[in-house]
């Protein structure tokens, strides 16, 4: 495992990046200093040192990946994509870079590419089981595809029974399986998060809620995001 960053859509978690092990010679003091700053969340200092490392050694795949993580944390998505692509060119066997690219495309609201990169991450490294959760999330939030959401979330909880959010994910699957559950269309007054909290956005509930809002009785929105269901700091 590398460091610990996973952008948990949209929250930032520090997850372990690319399975790095030791740096090339295991004694690169500048790189060790850069990663120390990274883990201390002194990202400006880490970025400066990582850029120096890349300038002196443009073949350092791990430095590109760490720098990509910093760009991702700072929501510089296009810059992060470029850095991950460079890391992948040098080390195509590192699944976590593909995972992060999937996260970026999720943020850019490109559901198809997001799913493609999450699947690529699993193809390259089958230990990245949490990618199944994010595939389902992209299918649900961006592509409005209940069946593929259910399939991937069922796969996830089958292989990750120890996940602390197991029961919540299982409950969401049950709601999605309800034939009366209607996915709110993009731009709807009811978010997917609200629909799940309501126990399913049935047509009656959708009409009722829309009417309440028109009459000035809009209920308080929850601050809990669907993306926050999955929280695992041990990855």
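The values are calculated or read from the model by the stated rules, or taken from the named source; none is laboratory data. Note that the coordinates shown come from a computational prediction; the quantities given were computed from them, not determined experimentally. Here Cβ is always computed from backbone atoms with ideal geometry, including for glycine, and neighbour counts include all displayed protein chains.
Structure summary
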quantity	calculated
Residue identified as touching a strand residue (DSSP E or B) at 6+ places or on another chain (Cβ under 9 Å), at pLDDT 95 or above and within 20 Å of residue 31 (Cβ to Cβ) among 83, 72, 90, 67	72
The stretch 104-147, subset assigned to a loop (DSSP other than H, G, I, E, B) and within 14 Å of the chain's Cα centre (by Cα), residue surrounded by the fewest Cβ atoms within 10 Å (Cβ to Cβ)	109
Qualifying positions in the stretch 69-83 - over 17 Å from residue 42 (Cβ atoms), buried (at least 24 other Cβ atoms within 10 Å of the Cβ) and within 17 Å of the chain's Cα centre (by Cα)	80
Enumeration of residues in the stretch 148-172 that are under 17 Å from residue 192 (Cα atoms) and modelled with pLDDT of 95 or more	148, 149, 150, 153
